[in-house]
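Asker: Quick one: this structure, given as structure tokens, is what I'll be asking you about.
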Amino acid sequence: MILLYLFTYFSLFVFIVLVFSKIIKYSSAPVHVRWELYPVAHEKNKYGGSYYEEPKWWKNEIKKSHIAELWVMFEEIIFLKGVYIHNRKLWYFSFPFHLGLYLIVATFFLIVISVLFDLASLVVLNTDTLFVGILLNNVINIFGYGGLVLTCLGCIGLIFQRATDKKFKFYNSAMDFTNLYFILILGVVVFITLVNSNTGFIESKIFVKNLFTLNFAAINDVSFIIHVILLSLFFLYFPITRMMHLFAKYFTYHKVRWEDEPNVKGGKLEKKIKEALNFGVSWSAPHIQTGKTWAEVATTNPTEEKK
């Protein structure tokens, strides 16, 4: 049984290392080509127009509204506003799927909190009669059961839609279906454990407490063992898939969509641009030849070279 606990420790460790390494990679990547699309959330103008529109903008203090940024991200992350506006048919399944996942993640953290409260003697795990303990248990049940239902229904809907809608033919990949089937199977197994032995996530709380206290107690329910193995495999699998867009989306918005930092002489952005211009060109076309740096490409006229 100790192997099950060791495998869980290993998967959590690998998950944390890979996720943070990806985040570091995203944050330290070369400067991206700006989209120059508006509205920009942090602009003070209500319509999202750029401060570049102002006369002699370089003489004014640049002000950004971080509250507006947070609100736009909240709408996009929680309600999938972009999907709702541009692909309503997909939103009907994608929204419950993502909302369910958020509730499941929240359930996981609430279970961790309840275990920490138990270790601090603030509550008694699974048998508490105090208000805090009762509240935690009820919220865990509501979020956990609700999240599983929404995720599984969303999974089924997305699998069916991707398999039958011709519009997805050019966008589908084997990984898309693998991700959805994996999450669906995991959700079904968790439901089975909730029926067999894990009612109210009792076994989940005990298992998490055992992880914190290095207590490698035996687990008798086979379905719960399968649940732990599948969840551990999911932690290993997640960072190497497209599901990393959960973290990458932040950089897409802040470093690409909303990036409007002025390029001033001697500034950080100028340095990054100079570094990017020294990268080699690894592909060729009638107007661009390989073997040169981007600085050389940008300062030569391909038409004149042909003459």
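Coordinate-derived values only; no laboratory data. Since this is a predicted model, take the numbers as computed values, not measurements. Note that each Cβ is placed from the backbone with ideal geometry, even for glycine, and that neighbours are counted across all protein chains shown.
Asker: Report, to the nearest 10°, how far helix 131-164 tilts away from the longest principal axis of the Cα atoms in the chain, using its own Cα long axis and a range of 0 to 90°.
Answerer: 60
Asker: Taking the dipole about the Cα centre of the chain, with the C-beta of Lys and Arg at +1 and of Asp and Glu at -1, give me whichever of Ala218, Gly154, Leu136 is farthest to the positive side.
Answerer: The residue sitting farthest along the positive end of the dipole is Gly154.
Asker: Does anyone have the angle between helix 268-277 and the longest principal axis of the chain? Alpha-carbon axes, 0 to 90°, nearest 10?
Answerer: 80
Asker: Remind me, relative contact order of segment 2-257 in percent, using alpha carbon pairs under 8 angstrom and six or more residues apart?
Answerer: Working: 215 pairs, mean separation 71.5, N = 256.
Computed value for segment 2-257: 28 percent relative contact order.
Asker: Among 166-173, 24-31, what's the highest-first ranking by average C-beta atoms within 10 angstrom per residue?
Answerer: Going from most to least packed, we get 24-31, 166-173.
Asker: Against the longest alpha carbon principal axis of the chain, how many degrees, from 0 to 90 and to the nearest 10, is the axis of helix 174-196 turned?
Answerer: 20
Asker: Further, regarding this structure: Among Leu277, Asn301, His227, whose Cα sits farthest toward the positive end of the charge dipole of segment 214-307 (+1 at Cβ of Lys/Arg, -1 at Cβ of Asp/Glu, about the Cα centre)?
Answerer: Positive-end residue among those listed: Asn301.
Asker: Hey, another quick one. Order the peptides 85-91, 9-15, 40-46, 278-284 from the highest to the lowest mean number of other Cβ atoms within 10 Å of their residues.
Answerer: Working: 85-91: 12.6, 9-15: 14.9, 40-46: 17.3, 278-284: 10.3.
Final packing ranking: 40-46, 9-15, 85-91, 278-284.
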